[in-house]
1. May I ask you to list the residues in segment 67-86 that are part of a helix (DSSP H, G or I) and either β-branched (Val, Ile, Thr) or buried (at least 16 other Cβ atoms within 10 Å of the Cβ) (or both)?
2. For segment 138-156, state whether one or more residues are at positive phi and over 14 Å from the mean Cα position of the chain (by Cα).
3. Out of curiosity, is LEU54 in the same structural domain as ARG13 (by TED's automatic domain parsing) and closer than 27 Å to ILE129 by Cβ?
4. Could you please give the count of residues in segment 80-129 that are without any contact (Cβ under 8 Å) to a residue 40 or more places away in the chain, touching a strand residue (DSSP E or B) at 6+ places or on another chain (Cβ under 9 Å) and not β-branched (Val, Ile, Thr)?
5. Just give me the residues in segment 136-151 being among the charged types (D, E, K, R) and either part of a loop (DSSP other than H, G, I, E, B) or farther than 15 Å from ARG103 by Cβ (or both), in sequence order.
6. In segment 7-20, is there at least one residue being of a type in the set (Asp, Glu), at pLDDT 90 or above and assigned to a strand (DSSP E or B)?
7. Regarding segment 91-114, can at least one residue be identified that is in a loop (DSSP other than H, G, I, E, B), charged (D, E, K, R) and either touching a helix residue (DSSP H, G or I) at 6+ places or on another chain (Cβ under 7 Å) or not assigned by TED's automatic domain parsing to the domain that holds ARG13 (or both)?
8. Select from segment 33-66 the residues that are over 23 Å from the mean Cα position of the chain (by Cα), closer than 25 Å to GLU106 by Cα and part of a loop (DSSP other than H, G, I, E, B) and list them in ascending order.
Amino acid sequence: MKPPFKTQAIILRRTNYGEADRVISFLTPERGKMSAIAKGVRKPKSKLAGGLELLAVCDVTFIEGRGDMALVTSARLDQFYSNILHEYERMTLAFTFIKLINRAAETVSEPDFYYLLQGGLEYLNAKNIDWQLTELWFRMHLRALLGHGLNVATDRFGVKLEADKLYHYDFSEQGFYEDPRGRFNEQHIKLLRLIATKTPAVLRQISGLERALKDCLWLVGALES
């Protein structure tokens, strides 16, 4: 049996097992997605229960056996994002983030998945940050991690995007193209560029981005459909 190891983890999924146990899928920064069993966690006096919450960063100690399933030996809450539960849109979006990361981590081992999900939950938990801004930031960065980042430097012909022009987006060619009746303008391009390098905590302080936010969310949503 391998020695125990301790790590921060975010719960992706919990499944009841037997009379009092749970099989839990965790996302960790060091080992990506992993499964473990928490024995007796559903018992009223379980010492593990309080440290294994959804929408939280948990400090978890595991022991790995010979099979694929590890054993949780201790758990403590490091950060519980309780504000998310107070607003329906934030709560729904948080579980959407978890679902998307859970799916992505099935096929790609990427440590940054953990930090992206942690950041997404942290910004959703901040009431002074527009949840739609957090959604755009999360979806754009997830696309980049999966190798499908949005090109906001040049159009589909390789020509630099200019501030005084309007653009449409060509989904078949995966790029913007100039059109006098285009939907996307300087503010849209600015927001998409800022999203790539700034956090929602910084972006909320920049004025004039609100009008472009919904159009950019529509674009990212259409790319995913």
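The values are calculated or read from the model by the stated rules, or taken from the named source; none is laboratory data. All figures in this text were calculated on a predicted structure; none of them were measured in a lab. Using ideal geometry, Cβ is built from the backbone for each residue, glycine included, and neighbour counts are taken over all protein chains shown.
1. As a first pass, look at segment 67-86 and keep what is part of a helix (DSSP H, G or I): 82-86.
Matches in segment 67-86: ILE84 only.
2. So in segment 138-156, the residues at positive phi come out as 147.
Those left that are additionally over 14 Å from the mean Cα position of the chain (by Cα): 147.
Yes, because at least one residue in segment 138-156 is at positive phi and over 14 Å from the mean Cα position of the chain (by Cα).
3. Details: in the same structural domain as ARG13 (by TED's automatic domain parsing): yes; closer than 27 Å to ILE129 by Cβ: yes.
Criteria met by LEU54.
4. Of the residues in segment 80-129, 2 are without any contact (Cβ under 8 Å) to a residue 40 or more places away in the chain, touching a strand residue (DSSP E or B) at 6+ places or on another chain (Cβ under 9 Å) and not β-branched (Val, Ile, Thr).
5. Taking segment 136-151 first, the residues among the charged types (D, E, K, R) are 139, 143.
Answer for segment 136-151, where residues must be among the charged types (D, E, K, R) and either part of a loop (DSSP other than H, G, I, E, B) or farther than 15 Å from ARG103 by Cβ (or both): there is none.
6. In the first step, residues of segment 7-20 are kept if they are of a type in the set (Asp, Glu); the result is 19.
Still in the list and also at pLDDT 90 or above: 19.
Subsequent filtering for residues that are assigned to a strand (DSSP E or B) retains none.
No, segment 7-20 has no match at all.
7. Of segment 91-114, the ones in a loop (DSSP other than H, G, I, E, B) are 108-111.
Checking which are charged (D, E, K, R) leaves us with 110.
Okay, now just the ones that are also either touching a helix residue (DSSP H, G or I) at 6+ places or on another chain (Cβ under 7 Å) or not assigned by TED's automatic domain parsing to the domain that holds ARG13 (or both), so 110.
So far as segment 91-114 goes, yes, one or more of its residues are in a loop (DSSP other than H, G, I, E, B), charged (D, E, K, R) and either touching a helix residue (DSSP H, G or I) at 6+ places or on another chain (Cβ under 7 Å) or not assigned by TED's automatic domain parsing to the domain that holds ARG13 (or both).
8. Of all residues in segment 33-66, those over 23 Å from the mean Cα position of the chain (by Cα) come to 37-50, 61-66.
If we keep only those that are closer than 25 Å to GLU106 by Cα too, we end up with 37-39, 61-66.
LYS39, GLY65, ARG66 - these are the residues of segment 33-66 that are over 23 Å from the mean Cα position of the chain (by Cα), closer than 25 Å to GLU106 by Cα and part of a loop (DSSP other than H, G, I, E, B).
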